[in-house]
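**Student:** I'd like to ask some things about the structure below.
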Amino acid sequence: MWKELKDISSGDEIVVSKQLVPGKSKKLDFNKVKKGDYKVNRINFALRDSSEGTTVLLDGGTAVLTVSKEEEYQNFLIENEYFAMEKVKDIRLIGKEPTLDLRVEDEHNFIANGIVVHNTGIQRSGATPCGASTTTQPAGKVKPGKEQFRKDLTSIVAAHHIPYTAQAGIFHWKDLVNKAEKAFKVDGPAFLNILAPCHRGWRYPMEKTLEIAKLAIDTGFWPLFEVENGVWKINIRPKQRKPIIEWIKSQGRYKHLLKEENKHIVERIQKEVDDYWKYLEGMCKATQPQ
């Protein structure tokens, strides 16, 4: 059921959304302040993005505010005193590129991370690794592909101090299943960052997808770890990490790095991998219960 702004009344629910991040549906204390303007008092921190206690909405113009009863219908049986049920935790597509800037307050988030924007043409993104060539930052005489290292999304989410955060990959499926089970059982928000190779964007034969997924782990490019209630743990340690050049050689998006003049970039990437593992080891040691 949808309503226009002028038809909203106290007790209705409003879906608050920002970019492609999923909206929240909360009951609002609503009243008209003056002709043309409406005031919405926040209930249960429904409007978290507002620094003020109220949000003023203008009636008219191009902005159309709609109100949904969907959540009320979904939770009818749950709230009925004659039924004993619990809310289902489900997996939803929460968007594309803005996923990298998501908030982690109430939802369970599961990201299939192809570390580039695949859905619209293999563009550079914050997840794109250093040295990779993309359609919006191709390797050439001026720039050798992306010059920055990828955004460490897993650590960023862990810094929100949510109950469970983990990094996984599709090759070590049992590790992935174990982490998914933990995420579903946790009381509160959980986050999984799952490396999912893309043959089209990474430039390799499709039949080598699992081989590439394994190489990401073996070279240390994609460590498998989890952060559970603030305690960091590395789940799978390669017996001897392979040099990052093997990861680079496996994908066409890095082929320019094999030239002698770009050798220093490969060395820089190797150092970044080594330093990140030192960081992980340090976090694991520092957060172990005494």
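**Student:** Kindly provide the set of residues from the stretch 182-197 that are in a helix (DSSP H, G or I) and within 18 Å of the chain's Cα centre (by Cα), ordered by number.
**Tutor:** Lys182, Ala183, Phe184
**Student:** (1) within 28 Å of Ser133 (Cβ to Cβ); (2) of a type outside the set (Lys, Arg); (3) not in a helix (DSSP H, G or I): which one isn't true of Gln240, the others all being true?
**Tutor:** All conditions pass for Gln240, except number (1).
**Student:** Does the stretch 185-195 contain at least one residue that is charged (D, E, K, R) and either modelled with pLDDT of 95 or more or closer than 24 Å to Arg241 by Cβ (or both)?
**Tutor:** no
**Student:** Got a number for residues in the stretch 229-246 being under 19 Å from Leu153 (Cβ atoms) and either of a type in the set (S, T, N, Q) or buried (at least 17 other Cβ atoms within 10 Å of the Cβ) (or both)?
**Tutor:** Residues flagged as under 19 Å from Leu153 (Cβ atoms) and either of a type in the set (S, T, N, Q) or buried (at least 17 other Cβ atoms within 10 Å of the Cβ) (or both) within the stretch 229-246 amount to 2.
**Student:** Please verify whether the stretch 222-230 includes one or more residues that are assigned to a helix (DSSP H, G or I) and aliphatic (A, V, I, L, M).
**Tutor:** No - not one qualifying residue is present in the stretch 222-230.
**Student:** Something else: Within the stretch 243-290, work out how many residues are within 13 Å of Leu215 (Cα to Cα) and part of a helix (DSSP H, G or I).
**Tutor:** Final tally of qualifying residues: 6.
**Student:** Anything in the stretch 245-263 that is without any contact (Cβ under 8 Å) to a residue 40 or more places away in the chain and under 25 Å from the mean Cα position of the chain (by Cα)? List them, or say none.
**Tutor:** Hit for the stretch 245-263 is Trp247, nothing else.
**Student:** With the condition kept exactly as written, say whether any residue in the stretch 192-208 is at negative phi, surrounded by fewer than 17 Cβ atoms within 10 Å (Cβ to Cβ) and touching a strand residue (DSSP E or B) at 6+ places or on another chain (Cβ under 9 Å). Show your work before the answer.
**Tutor:** Step one: list which residues in the stretch 192-208 are at negative phi, which gives 192-202, 204-208.
Narrowing further to those that are surrounded by fewer than 17 Cβ atoms within 10 Å (Cβ to Cβ): 196, 199-200, 205-208.
Pick out the ones that are also touching a strand residue (DSSP E or B) at 6+ places or on another chain (Cβ under 9 Å) and you get 196.
Yes, there is a match, as at least one residue in the stretch 192-208 is at negative phi, surrounded by fewer than 17 Cβ atoms within 10 Å (Cβ to Cβ) and touching a strand residue (DSSP E or B) at 6+ places or on another chain (Cβ under 9 Å).
**Student:** Would you confirm whether any residue within the stretch 166-180 is touching a residue at least 24 places away in the same chain (Cβ under 8 Å), assigned to a loop (DSSP other than H, G, I, E, B) and under 13 Å from the mean Cα position of the chain (by Cα)?
**Tutor:** no
**Student:** Among the residues of the stretch 181-202, is there at least one that is closer than 20 Å to Ala166 by Cβ, touching a residue at least 24 places away in the same chain (Cβ under 8 Å) and acidic (Asp, Glu)?
**Tutor:** yes
The values are calculated or read from the model by the stated rules, or taken from the named source; none is laboratory data. Only a predicted model underlies this, so the values are computations on that prediction, with no experimental measurement involved. Don't worry about glycine lacking a Cβ; one is built from the backbone with ideal geometry, like all the others, and counts go over all protein chains shown.
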